[in-house]
Protein chains: 2
Amino acid sequence: MNAASFYAKAPKHLVAVDCIIFGFDEGRLKLLIMQRKVAPMAGEWSLVGGFVQEAESTDEAAARVLEHTTGLDDIYMNQLHCYGNVGRDTGARVISVAYYALIRIKNHDKPLAREHGAHWLELHEIPELIFDHAKMIEDALAALRNNAQFHPIGFELLPEKFTLSQLRSLYEEIYQKTLDKRNFRKKILSLDVMEKLEEKDKTSSKKGAHLYRFDPEKYEALRRKGLVFEI
Amino acid sequence: MNAASFYAKAPKHLVAVDCIIFGFDEGRLKLLIMQRKVAPMAGEWSLVGGFVQEAESTDEAAARVLEHTTGLDDIYMNQLHCYGNVGRDTGARVISVAYYALIRIKNHDKPLAREHGAHWLELHEIPELIFDHAKMIEDALAALRNNAQFHPIGFELLPEKFTLSQLRSLYEEIYQKTLDKRNFRKKILSLDVMEKLEEKDKTSSKKGAHLYRFDPEKYEALRRKGLVFEI
DNA sequence: ACAAAAGTGTTCGACGTACACCCATGG
DNA sequence: CCATGGGTGTACGTCGAACACTTTTGT
């Protein structure tokens, strides 16, 4: 077989990206979910997605879709899985590459999201979703939990400056279990990957809690020592 | 937009699967690599792959390609990652979903593999590969290491009956470090996921080593107790 | 008898876990 | 002055890591 017929003989497929977009607000982990605009399943709840174009990589397609919906262009994003079952999309055979993204809810363009019919919902509020999107969310949660345990990705969900209580409640939300306050502080501070700021946050206590900021250089130093970030 | 044009307007892509096939033989981790038959890059070294057809899922495509090359139809297989860069295949725009597979080298159809120009090579023998296949192997090794630490997948690479020495040398090969014989035995035996057989293997010692067999039911019992397999 | 791999226990340090009280301050 | 969340230290048990000698048997 020559090269031309090798490629020409192969079938072509619609390829989509779907994004599981995590946020953290009011102490709760949330997902950005939208109402689908086209048939079939128009009006049903769906993840944010789009088709991969000729001139873009799948990663770029996911970044484009994310920016289109949130207005943010520097989102932490990881490929989750490629969902390739034949009948998964009831409108056509579509192979979908799912990405999960972590965003700081405060930073995103709320009106833009609203324009697209997108809503932030807590995990237990998620309605029935089209196609295999519920499975995607389930897989994304598992991936988030695995990933958050050994990589400093939790910080992507918090404001740049945050208190230890906020950080702890984020991990409590991710793992769905309460963490001991003293042990958590000991652990995270011993890793020495955050800068302690002079500022205090007084919004949630009279005394005020110190603000911290994740320091990528400190994290790099930790890696260089051969140590592993672990919560 | 109506449904017809929503799907019709989207571009279609060639979608391939590429398989990183691991085996374990003579105490070494090996990969099944083949020489490409078509242009461009004909004659160059490549992973085993093929195009996803209309009527099959990506998983099915990978299983088909694996059976086609090895003659085996019950191979342990995991999706690795979807590689979607625009220029990754120099012959055409091809989106590739990579899978890694673990097989018992002894069981596969050697002549069939040879017919396809496939060869088992040790990790340090792998020549330069086409496209992004070297990156795929690198990623697959990382995934194998991660996965082998918490899931009993090492057994997929060994014969049904194996000695503790074989098992240990497999893990030493995967992690590329020597493991203490006593600690390894203590750890793996404490998990109680293997059946100790009466038979002994005398091929590698005068004294003979007991053979063991992985027992999926014992592993399930471990899981039910909420414990985690960890090496 | 000897070579070659199989098999076996103990000690030590590190780390995870459990747990309760004082501090600072705004209202 | 008191309610609220912030901040702190210790004791115990578990588990991973290091480490060396005896057993068996084919040649």
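Some values worked out for this structure:
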| quantity | calculated |
| --- | --- |
| For A:Asp89: the one exception among (1) touching a residue at least 24 places away in the same chain (Cβ under 8 Å); (2) more than 8 Å from chain B (Cβ to nearest Cβ); (3) among the charged types (D, E, K, R); (4) touching a Gly at 6+ places or on another chain (Cβ under 8 Å) | (4) |
| Condition check for B:Ser205: among the polar types (S, T, N, Q) and within 11 Å of DNA strand D (Cβ to nearest atom) | yes |
| Test: residue in the range B:205-214 that is in a loop (DSSP other than H, G, I, E, B) and within 23 Å of B:Asn78 (Cα to Cα) | no |
| Selection count, the range A:57-86, where residues are outside any loop (DSSP other than H, G, I, E, B) and without any contact (Cβ under 8 Å) to a residue 12 or more places away in the chain | 2 |
| The range A:33-56, subset touching a residue at least 12 places away in the same chain (Cβ under 8 Å) and small (Gly, Ala, Ser), residue surrounded by the fewest Cβ atoms within 10 Å (Cβ to Cβ) | A:Ala39 |
| Residue list for the range A:33-59, filter: of a type in the set (Asp, Glu), facing chain B (nearest Cβ under 9 Å) and touching a strand residue (DSSP E or B) at 6+ places or on another chain (Cβ under 9 Å) | A:Glu54, A:Asp59 |
| Candidates A:Val193, A:Val228 - the one that is more than 30 Å from A:Ala16 (Cα to Cα) and more than 13 Å from DNA strand C (Cβ to nearest atom) | A:Val193 |
| Residue selected from the range A:9-32 under the condition farther than 19 Å from A:Tyr76 by Cβ and either facing another protein chain (nearest Cβ under 9 Å) or among the β-branched types (Val, Ile, Thr) (or both), by the criterion surrounded by the most Cβ atoms within 10 Å (Cβ to Cβ) | A:Val15 |
| Failed condition for A:Phe184, given (1) over 30 Å from A:Arg36 (Cβ atoms); (2) touching a Lys or Arg at 6+ places or on another chain (Cβ under 7 Å); (3) not in a helix (DSSP H, G or I) | (3) |
| Some residue of the range B:121-138 being more than 13 Å from DNA strand D (Cβ to nearest atom), among the hydrophobic types (A, V, I, L, M, F, W, C), touching a strand residue (DSSP E or B) at 6+ places or on another chain (Cβ under 8 Å) and not assigned by TED's automatic domain parsing to the domain that holds B:Gln79 | no |
| Total residues in the range B:82-114, condition buried (at least 20 other Cβ atoms within 10 Å of the Cβ) and closer than 15 Å to A:Cys82 by Cα | 10 |
| Candidates B:Met34, B:Met41, B:Met77 - the one that is at positive phi and of a type outside the set (S, T, N, Q) | B:Met41 |
| Residue in the range B:150-159 that is within 13 Å of chain A (Cβ to nearest Cβ) and within 16 Å of DNA strand D (Cβ to nearest atom) present | yes |
| Check on B:Lys181, more than 15 Å from DNA strand D (Cβ to nearest atom) and more than 14 Å from B:His151 (Cα to Cα) | no |
| Positions within the range B:198-212 being out of contact with any helix residue (DSSP H, G or I) (no Cβ under 9 Å at 6 or more places or on another chain) and surrounded by 11 or more Cβ atoms within 10 Å (Cβ to Cβ), in sequence order | B:Glu199, B:Lys200, B:Gly208, B:Leu211 |
| Some residue of the range A:167-179 being within 13 Å of DNA strand C (Cβ to nearest atom), touching a residue at least 24 places away in the same chain (Cβ under 8 Å), away from every other protein chain (no Cβ under 14 Å) and over 18 Å from A:Asp25 (Cα atoms) | no |
| Scan of the range A:61-78 for residues that are within 11 Å of another protein chain (Cβ to nearest Cβ) and more than 17 Å from B:Val15 (Cα to Cα), ordered by number | A:Ala62, A:Asn78 |
| Filter result (within 9 Å of DNA strand D (Cβ to nearest atom) and touching a Gly at 6+ places or on another chain (Cβ under 9 Å)) within the range B:184-202 | B:Lys200, B:Lys202 |
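A quick yes/no check of all residues on (1) within 26 Å of A:Asp139 (Cα to Cα); (2) in the same structural domain as B:Asp139 (by TED's automatic domain parsing):
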position	(1), (2)
B:Ala3	no, no
B:Ile21	yes, yes
B:Trp45	no, yes
B:Thr58	yes, yes
B:Thr70	no, yes
B:Gln79	yes, yes
B:Tyr83	yes, yes
B:Gly87	no, yes
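The values are calculated or read from the model by the stated rules, or taken from the named source; none is laboratory data. Not measured: the values here are computed from a predicted model. Backbone-built Cβ (ideal geometry, glycine too); neighbour counts: all protein chains shown.
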